[in-house]
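Structure record follows, encoded as structure tokens.
Only the coordinates and a few stated rules stand behind these numbers; no lab work does. Nothing here was measured: the structure is a model prediction, and the numbers come from that model. FYI the Cβ positions are ideal-geometry reconstructions off the backbone, even for glycines, and counts take in every protein chain you see.
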């Protein structure tokens, strides 16, 4: 067990991890995580705009994690319901900027909708992304948390790169969704 | 009617809506998980204000961050003001942004393109950028 502490430290160091968290997420915990990210922001290379973009992407990713969550984890190979949304988040330095990784279980029935939404976003130029955002903003529809499907579009706009994502089917009701957002600074 | 005053928090903006002066102000950040809950009293206040508005109403938007969950609520707030303007009153949105924050300027332009209210884009001077 003791060697594993050093391995963990070593891995986090090599991957240049600024922050990582796995577990149940509450609103208070998200506030605390954002507080940590914000304290580290002045250390971020690049201009004020880049720093704001990193923070914005982290805000949206954490809120996606929080709102589009199956509230479950896997323990000893079995799905276990969790009281609060559950997932993993990691922010790491890359050669081009920062990488914001999130992962969580989501309803399997929503996978295809999300996949086609993400495919559409990745096929748009920055100009068309802005247009898509405007359309969605103006269309008067709401999702249950009020975002109305704007989150991923905003993440793509602010990151300046294509979204990397994947779905691992878990059982007939749930899939694990992974998202890696590279924010270029 | 009573003015609406809310202190800012790490996730919600400072709010100052004053019926007597027709001056409305949102300042700071708006990144709550549940934006609908936060904005409901603001939108209700503007709705009520619309029954006896000042001849001139100015909304100052001075946000450093807002999440997408807030963006539709902000649009709803603007829509209430649009109704007040359509009734023959003067309404202006003053959209403040920092010199290096092109994204915030673009966000203001996006709203200006959707809402039928004159927007004034106001560049925040360096000396002010540390406030709020």
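Between the stretch A:52-67 and the stretch A:105-175, the alpha-carbon centres lie 13 Å apart. Share of Cα-Cα pairs in the protein assembly as shown beyond 24 Å, in percent? Everything past 24 Å amounts to 56 percent. Rounded to the nearest 5, the antiparallel percentage of DSSP beta bridges internal to the protein assembly as shown is 70%. Using only the Cα atoms of the stretch A:1-75, build the gyration tensor, take square roots of its eigenvalues as a ≥ b ≥ c, and label the shape rounded, prolate or oblate: rounded if a/c is under 1.5, else prolate if a/b is larger than b/c, else oblate. Taking the square roots of the gyration eigenvalues as a ≥ b ≥ c, the stretch A:1-75 is oblate. Helix B:102-114 axis versus longest C-alpha principal axis of chain B: approximately 20°, rounded to the nearest ten. Across chain B, the mean sequence separation of Cα contacts (distance under 8 Å, 6 or more residues apart), normalised by length, yields a relative contact order of 20 percent.
With contacts taken as Cα pairs under 8 Å at a separation of at least 6 residues, chain A carries a relative contact order of 25 percent.
Counted residue by residue at 0.36 nm each, then reduced by the alpha carbon distance between them, the extension gain from residue A:139 to residue A:13 reaches 40.9 nm.
Here chain B carries DSSP beta bridges of which approximately 30% are antiparallel, counting only pairs with both residues inside. Here the stretch B:63-106 and the stretch B:17-52 have alpha carbon centers that stand 11 Å from each other.
Among A:125, B:21, the ranking by other beta carbons within 10 Å of each residue's beta carbon, starting with the fewest, stands as A:125, B:21. Measuring r between the beta carbons of residue A:170 and residue A:21 and using R0 = 25 Å, the FRET efficiency lands at 0.75. On the basis of the beta-carbon distance and an R0 of 35 Å, residue B:55 and residue A:48 show a calculated FRET efficiency of 0.35. Using only the Cα atoms of the stretch A:2-184, build the gyration tensor, take square roots of its eigenvalues as a ≥ b ≥ c, and label the shape rounded, prolate or oblate: rounded if a/c is under 1.5, else prolate if a/b is larger than b/c, else oblate. Because a/c hits 1.5 or more and a/b fails to exceed b/c, the stretch A:2-184 counts as oblate.
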